[in-house]
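Step one of this worksheet: look at the structure below.
The values are calculated or read from the model by the stated rules, or taken from the named source; none is laboratory data. Just so we're clear, the structure is a prediction, and the values are computed from it rather than from any experiment. With ideal geometry, Cβ positions are generated from the backbone for all residues, glycine too; neighbour counts draw on all protein chains shown.
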């Protein structure tokens with residue numbers, strides 16, 4: 001249809017396409033109505049809860065800031081894991097549901113190393129070096145697990161229908177969980193409290209003059225904002241998580257955009273046969289992709305454990321699902337989308353319960369409701385493109 | 001010894017017997033063309049040579065070396081460059097990045113730089129668009145990019161699959177002119193074409209394919225005079 005044609009009788013601004021609206025109206029089905037009905041009900045619910053919350057006058061700027069800061073840490077972790085889902089999906093159109101366990105594996109193996117270093121006193125003596133070692137071990141372990149998984153569980157199914165590797169991934173996820181349970185028991189391992197002091201000159205009043213404890217420190221901060229007295233307990237580690245996550249994302253962006261391996265990754269994502277005709281070893285690129293995603297997940301796992309002080313064989317399950325939600329929210333297969341989705345989910349999950357006056361334990365409900373809503377209203381995600389020509 | 005030799009190759013797509021014993025040879029410095037109707041097996045022959053759809057039977061040698069079971073990316077490194085059917089440009093990579101991918105198997109930075117300048121002199125239009133995404137190029141420009149990208153591998157033999165497909169007649173002339181130019185500069189070319197008239201115009205020798213088998217093989221000139229070829233592929237009287 002020619003859009004440039006003048007539309008008789010229409011005095012609406014040009015950006016409202018009357019005919020498209022008409023067409024849409026005519027094609028409206030019962031399902032559409034129900035779906036939009038659900039959407040409207042949810043919006044009204046959210047609106048009503050927010051009005052209620054503010055009506056009670058119980059919601060403070062303080063709790064908002066607190067939740068935003070926490071959301072930042074949560075979001076960073078989600079974003080780092082979500083990148084692994086999105087990278088693999090971008091190249092294989094497969095959802096690696098075992099990615100949460102890849103995250104867990106690295107963290108778990110990193111735990112043994114940090115526990116040993118705590119035992120020997122090395123952690124207290126050379127904290128920074130010890131932390132770098134733990135990060136390296138966590139990332140490398142995750143990479144090893146992911147690469148093994150690709151080789152034995154996914155590669156033989158490369159040509160199978162798409163449902164088959166998906167089910168295999170779920171199987172791999174259960175296998176890894178149970179393997180760690182069988183090997184190391186189902187009890188929760190307590191991660192060491194790490195103290196990394198920095199900038200004693202800037203913060204001489206903290207920790208007996210040793211400076212700020214970047215990992216386990218918690219400090220009271222008071223200030224006035226918009227006429228409110230705000231009292232916060234701030235953990236510097238939250239900002240460390242955020243900065244580490246940003247640095248890793250910048251690194252990933254550079255890798256994908258600028259390096260030969262990254263360009264090959266994009267080429268393979270677009271067309272595997274043609275990439276092979278260029279002399280690109282497609283299998284190697286796929287392994288690379290799994291490894292890069294796993295490295296990010298391993299780093300996220302160590303950050304997560306340093307923050308929560310616990311490691312279990314099930315620790316990857318919920319963060320894995322949340323990160324998957326984040327990846328879908330941003331548009332799966334899209335790298336900036338996964339970053340945005342991670343932060344958006346972490347932020348919403350942290351802020352929404354307070355804002356809606358619902359128990360904080362319901363944050364998982366908020367997150368997964370978001371997943372359902374995206375799948376209904378915008379299955380391609382926020383940054384997702386309409387995938388028409390290629391999906392095989 | 002022939003540069004490229006395929007001996008009695010059979011290729012299957014699942015149960016479909018696509019190539020039923022095709023034998024072709026390409027000598028150093030030649031342009032050889034494969035002509036035939038849709039589904040005759042022209043593209044499959046190229047893809048079998050490149051290892052994308054490996055031969056179930058038969059043997060393919062490049063400069064005497066058996067490449068029948070070699071994996072596609074290794075075949076490229078051995079010196080086979082292909083500009084595939086439908087051009088298959090990486091739409092989300094820039095023109096320069098597309099060319100870099102063509103040179104993926106190489107590590108001689110200086111040689112790559114030289115070849116990139118060479119393809120830019122061959123197709124100045126690409127130079128103007130070097131930072132543009134492949135998907136934003138016109139059909140003709142994409143074909144230029146596809147050929148250039150294959151050249152970036154510095155191949156011993158260049159496989160061109162339907163370079164004229166979907167292009168305006170004037171552009172087809174340009175592309176074929178470039179093919180001749182490349183050949184004069186020493187590139188061996190195996191050309192698959194539906195446009196038999198143009199293909200036989202530039203080629204030294206040709207093979208006519210029908211339902212997965214070679215039915216005619218001769219000098220291009222002789223094929224142009226052949227009654228069957230004239231009727232079936234050159235549109236009657238010549």
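General remarks:
- Residue B:86, sole failed condition from (1) touching a residue at least 40 places away in the same chain (Cβ under 8 Å); (2) outside any loop (DSSP other than H, G, I, E, B): (2)
- Output for segment B:119-157, where each listed residue is over 17 Å from residue B:100 (Cα atoms) and in contact with a strand residue (DSSP E or B) (Cβ under 7 Å, 6 or more places away or on another chain): B:156, B:157
- One residue from B:222, B:217, B:153, B:199 being surrounded by 14 or more Cβ atoms within 10 Å (Cβ to Cβ), outside any helix (DSSP H, G or I) and away from chain A (no Cβ under 14 Å): B:217
- Residue match in segment A:11-34 (condition: in contact (Cβ under 8 Å) with a residue 60 or more places away in the chain, in a helix (DSSP H, G or I) and over 18 Å from residue A:369 (Cα atoms)): no
- Residue count for segment A:265-288 under the criterion of being away from every other protein chain (no Cβ under 11 Å) and crowded, with 24+ Cβ neighbours inside 10 Å: the result is 0.
- From A:305, A:250, A:297, residue being at pLDDT 95 or above, surrounded by fewer than 19 Cβ atoms within 10 Å (Cβ to Cβ) and over 30 Å from residue B:49 (Cα atoms): A:250
- Filter result (surrounded by fewer than 13 Cβ atoms within 10 Å (Cβ to Cβ) and assigned to a helix (DSSP H, G or I)) within segment A:179-200: A:182, A:183
- Counting the residues of segment A:229-247 that are farther than 19 Å from residue A:87 by Cα and either within 14 Å of another protein chain (Cβ to nearest Cβ) or loosely packed, with under 14 Cβ neighbours inside 10 Å (or both) gives 4.
- Residue in segment B:181-189 that is under 26 Å from residue A:273 (Cα atoms) and either part of a loop (DSSP other than H, G, I, E, B) or touching a helix residue (DSSP H, G or I) at 6+ places or on another chain (Cβ under 6 Å) (or both) present: yes
- For segment B:100-145, a residue qualifies if it is assigned to a helix (DSSP H, G or I), surrounded by 20 or more Cβ atoms within 10 Å (Cβ to Cβ) and either within 19 Å of the chain's Cα centre (by Cα) or within 14 Å of chain A (Cβ to nearest Cβ) (or both), and the qualifying residues are B:100, B:101, B:102, B:115, B:119, B:134, B:141, B:142, B:143, B:144, B:145.
- Pairing residues of segment B:56-71 that are within 20 Å of residue A:274 (Cβ to Cβ) with residues that are modelled with pLDDT of 95 or more and surrounded by fewer than 15 Cβ atoms within 10 Å (Cβ to Cβ), at Cβ distances under 7 Å and at least 6 apart in sequence or on separate chains, gives no pairs at all.
- Looking only at segment B:89-99, residues that are in a helix (DSSP H, G or I) and in contact (Cβ under 8 Å) with a residue 40 or more places away in the chain come to 3 in all.
A quick yes/no check of all residues on (1) free of Cβ contacts under 8 Å to residues at least 60 places away in the same chain; (2) under 26 Å from the mean Cα position of the chain (by Cα):
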position	(1), (2)
A:118	no, no
A:126	yes, no
A:132	yes, yes
A:143	no, yes
A:149	no, yes
A:159	yes, no
A:182	yes, no
A:203	yes, no
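- For segment B:156-177, the set of residues classified as under 13 Å from the mean Cα position of the chain (by Cα) and either assigned to a helix (DSSP H, G or I) or surrounded by fewer than 23 Cβ atoms within 10 Å (Cβ to Cβ) (or both) consists of B:156, B:157, B:162, B:164, B:165, B:175, B:176, listed by residue number.
- Note on segment B:63-87: residues that are in contact with a helix residue (DSSP H, G or I) (Cβ under 6 Å, 6 or more places away or on another chain) and surrounded by fewer than 20 Cβ atoms within 10 Å (Cβ to Cβ) total 1.
- If the condition is being more than 21 Å from residue B:224 (Cα to Cα) and surrounded by 24 or more Cβ atoms within 10 Å (Cβ to Cβ), then segment B:21-40 contributes only B:22.
- Every residue from segment A:308-318 that is surrounded by 24 or more Cβ atoms within 10 Å (Cβ to Cβ) and either out of contact with any strand residue (DSSP E or B) (no Cβ under 6 Å at 6 or more places or on another chain) or without any contact (Cβ under 8 Å) to a residue 24 or more places away in the chain (or both): A:313, A:315, A:316
- You will find that of A:344, A:352, A:327, the residue that is crowded, with 22+ Cβ neighbours inside 10 Å and more than 22 Å from residue A:256 (Cα to Cα) is A:352 and no other.
- Options B:60, B:52; residue that is in a loop (DSSP other than H, G, I, E, B) and either away from every other protein chain (no Cβ under 12 Å) or in contact with a helix residue (DSSP H, G or I) (Cβ under 7 Å, 6 or more places away or on another chain) (or both): B:52
- Check on residue A:215, in contact (Cβ under 8 Å) with a residue 40 or more places away in the chain and assigned to a helix (DSSP H, G or I): no
- Considered as a group, the residues in segment B:64-95 that are more than 29 Å from residue B:139 (Cα to Cα) and touching a strand residue (DSSP E or B) at 6+ places or on another chain (Cβ under 8 Å) include one that is farthest from the other protein chains (Cβ to nearest Cβ), and that residue is B:66.
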